[in-house]
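For reference, the structure is listed below as structure tokens.
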Amino acid sequence: MNSVGARTAARTSAVLRWLAPVVGIAAFLGVWELFVRVFDIPEFELPAPSAILANMRDDPGFYLRNTWVTFREAALGFTVAAVLALVVATVAAASPFLERALEPLVVLFQVTPIIAYAPAIVLWVGTGFRPILIITVIVCFAPFFFNGVTGLLSVDPAALELLRSVDASPREVFWRLRLPNALPYLFAAARIAVGLALVGAVLGEFFALVPSGLGVAIKKAQAFTDTLQLWGSIFSLALLGSVIILLLGVLERNLLRWHASQTLR
């Protein structure tokens, strides 16, 4: 294949990569719209996507304000969890004993439904932003920790031996070999943690008595049986999560140009 053909194929592949999710979402919403109309489902039970989008268009400020609040909470909890988990994973990867000691604790936090102890966290630290942050960090910590440990330990033995043969310090081994090797694992964890961060932020808003956020909007909509606001808030969460995932994908492709996960696509 000549260079012109290769460039054309690359552009076509890029267009299809961006077009595929749009087609999938449009098809899903189209089936939903058709289902509601054909079976004449009342709006208070399940509104049509067109009605939900019209409600969001009529009051964009409401959804933008609450989305921004939830985004800030989720983003900070996500970031704190990623940094903290990487630090703990680095310690665990350096000591098999500590790894075995820490894993059961992380598993306990992971398998216990966060809704079970979210009220206890609010009672412990009070209402407001702090319990939301703690809840979000807890739910995001496990995927970063486990993927971080796996990535830090899954290094090429030959590359590790080469660095040791030139008397590379543990710090140099970490920055030049272990951390770059762990990045694909951390990005995989990040994709999982995005949804968990939004869940943690919304759940925290349910209990923390904060004045705004998509969790608050959902709670009020449920109390007043406002299905359009309820589904508008859900759509806002879905859109927010999709945008974050999209940005993570762009960041991953730029940071991991050298990795097989990007070069073999």
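Values quoted throughout were computed directly from the atomic coordinates according to the rules given, and no laboratory measurement underlies them. This one's a predicted model, so the numbers in the text were calculated from it and none came from an experiment. No Cβ is skipped: glycine too gets one built from the backbone with ideal geometry, and neighbour counts run over all protein chains shown.
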### Query
By its C-alpha gyration tensor, with a ≥ b ≥ c as the square roots of the eigenvalues, how is segment 1-159 shaped: rounded for a/c under 1.5, else prolate for a/b larger than b/c, else oblate?
oblate
### Query
Which residues make up the longest stretch of the chain clear of chymotrypsin sites (Phe, Trp or Tyr not before Pro) that lie in a DSSP loop with no more than 16 other Cβ atoms within 10 Å, not counting the sites?
45-223
### Message
Counting only GluC sites (Glu not before Pro) that sit in a DSSP loop (anything but H, G, I, E, B) with at most 15 other Cβ atoms within 10 Å, what is the longest stretch of the chain containing none of them?
### Response
46-265
### Query
Once the other residues with Cβ under 11 Å from the Cβ of Pro47 are scored (Lys, Arg +1; Asp, Glu -1), what is the net sum?
-4
### Task
Would you mind checking the tilt of helix 214-223 against the longest principal axis of the Cα atoms of the chain, expressed as 0 to 90 degrees and rounded to 10?
30 degrees
## Note on the structure
Checked the chain with the C-alpha gyration tensor, a ≥ b ≥ c its square-rooted eigenvalues, rounded below a/c of 1.5, otherwise prolate if a/b is larger than b/c and oblate if not; verdict oblate
### Query
At a Förster radius of 51 Å, what calculated FRET efficiency corresponds to the Cβ-Cβ distance of Arg65 and Asp156, to the nearest 0.05?
0.55
### Query
How high is the FRET efficiency from Leu248 to Ala20, r the C-beta distance, R0 25 Å, rounded to 0.05?
0.90
### Summary
Quick note, segment 185-265: a/c under 1.5 would make it rounded; otherwise a/b > b/c is prolate and the rest oblate (a ≥ b ≥ c, C-alpha gyration tensor); here it is prolate
### Query
If the chain between Glu99 and Leu209 were fully stretched, how many nm would it gain, using 0.36 nm times the residue separation less the Cα-Cα distance?
35.9 nm
